[in-house]
1. Inside segment 1-45, can you point out the residues that are part of a loop (DSSP other than H, G, I, E, B), modelled with pLDDT of 80 or more and surrounded by fewer than 16 Cβ atoms within 10 Å (Cβ to Cβ)?
2. Can you report the number of residues in segment 60-86 which are in contact (Cβ under 8 Å) with a residue 40 or more places away in the chain and either in a loop (DSSP other than H, G, I, E, B) or aromatic (Phe, Trp, Tyr) (or both)?
Amino acid sequence: MDAIPSFGVTALAIEQALHQHLSPSALEVIDESHLHAGHAGAASGRHFRVRIHSERFTGLPRIARHRLVYDAVAELIPLGIHALAIEFLTL
């Protein structure tokens, strides 16, 4: 199996940024980089999945919710986020 390159961004850093900006009532950040070892994008960053619920999303269309999440982690993207899959939870 191919080695996964090390990058400066971690699931914990993403969690902290999302908590700070969106005050989620439910949040899970999963590093899925191991599932993409050998993939061309694996050389340029890590793959993460975010499962999140926040009152800030109430009444917003999907694209606006995505923008809020990306805005919250914007400073982390250049540190090594190649892919960010976002799942919006309903509680």
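1. Gly8, Ser23, Ser25, Glu32
2. Residues flagged as in contact (Cβ under 8 Å) with a residue 40 or more places away in the chain and either in a loop (DSSP other than H, G, I, E, B) or aromatic (Phe, Trp, Tyr) (or both) within segment 60-86 amount to 4.
The values are calculated or read from the model by the stated rules, or taken from the named source; none is laboratory data. Predicted, not measured: the structure shown is a model, and the values here were computed from it. When we count neighbours, we look across all protein chains shown, and the Cβ atoms used for this are built from the backbone with ideal geometry, even at glycine.
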